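The values are calculated or read from the model by the stated rules, or taken from the named source; none is laboratory data. Computed from a predicted model, the values in this text were never measured in an experiment. Backbone-built Cβ (ideal geometry, glycine too); neighbour counts: all protein chains shown.
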């Protein structure tokens, strides 16, 4: 039997990746963070980020990765071929490796593995419902999480996307940008000459922009919502998208709702009174959920510590 002494939890999204290694005997922990690891946004980049984090943490702990039960909770895992490819790259490094959608790890962390409806608002957006069925088994149902191209409304990347869309609309209509938000976006995009925005500058930025770059614009939208009608309209639509995601995630249940992610706190204050009454405080986050699932895997495989 494999002698397992550690668990590793990973929470990876479109902006950053955080990993935690725990010694099962001493409970000593090591944690490290790096760049994005969404599998659908940049698979090669995700692999590089994960490899670097694994090497960093096992180096800090002076352990071998074969002593580790690992759980990756990553964005972009809906494509089973991509997940299989990632398993083939990393499985040999660990005693056990399980790969989950980051919505699953968020849900398990939010209520310590109990019943809950979780909505995660980060670079993207996704909902996950954990609910016991009639046989007493904890079931999962995912809502959203389709990625930047077709979904992710309520996430930071789409907030940024709509701000750039407003910039393009104004530029096409007036030949310049005039709202406070779009002027701020223009300064962000056109770093070489913040006083002037051109079609070429917009086109060059768009040609190279990834979801994480759009997400970097989201603070501009929230900062300008009280002084700029354009930003306020984007925020109103953002809140409506989050309300709908909460409704669809919760469905016909009476489950409590937990908001997680970088936009959770900002968005929560803007929700309707009815929705606010459904919310409870999170007991943990996606990284906690990944570590919880790693402990479950440890017991499932009956590995010796």
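A few points about this structure:
- Test: residue in segment 227-243 that is surrounded by fewer than 22 Cβ atoms within 10 Å (Cβ to Cβ) and in a loop (DSSP other than H, G, I, E, B): yes
- Some residue of segment 92-102 being under 22 Å from residue 16 (Cα atoms) and at pLDDT below 90: yes
- Any hit, segment 2-21, residues being in contact with a strand residue (DSSP E or B) (Cβ under 9 Å, 6 or more places away or on another chain), closer than 21 Å to residue 210 by Cα, assigned to a loop (DSSP other than H, G, I, E, B) and assigned by TED's automatic domain parsing to the domain that holds residue 296: yes
- One residue alone among 145, 160, 175 is at positive phi and over 13 Å from the mean Cα position of the chain (by Cα), and that residue is 175.
- Among the residues of segment 248-266, the one identified as farther than 20 Å from residue 105 by Cα and surrounded by 15 or more Cβ atoms within 10 Å (Cβ to Cβ) is 266.
- Verdict on residue 186 being assigned to a helix (DSSP H, G or I), out of contact with any strand residue (DSSP E or B) (no Cβ under 6 Å at 6 or more places or on another chain) and exposed (fewer than 13 other Cβ atoms within 10 Å of the Cβ): no
- Of residues in segment 105-141 being farther than 13 Å from residue 261 by Cα and surrounded by 24 or more Cβ atoms within 10 Å (Cβ to Cβ), the one nearest to the chain's Cα centre (by Cα): 128
- Taken over segment 256-305, the criterion of being assigned to a helix (DSSP H, G or I), over 20 Å from the mean Cα position of the chain (by Cα) and within 23 Å of residue 99 (Cβ to Cβ) is satisfied by 295, 296, 297, 298, 299, 300.
- Strands (runs of 3 or more DSSP E) contained entirely in segment 56-130, each with at least 1 residues that are within 30 Å of residue 250 (Cβ to Cβ) and in the same structural domain as residue 244 (by TED's automatic domain parsing): 116-121
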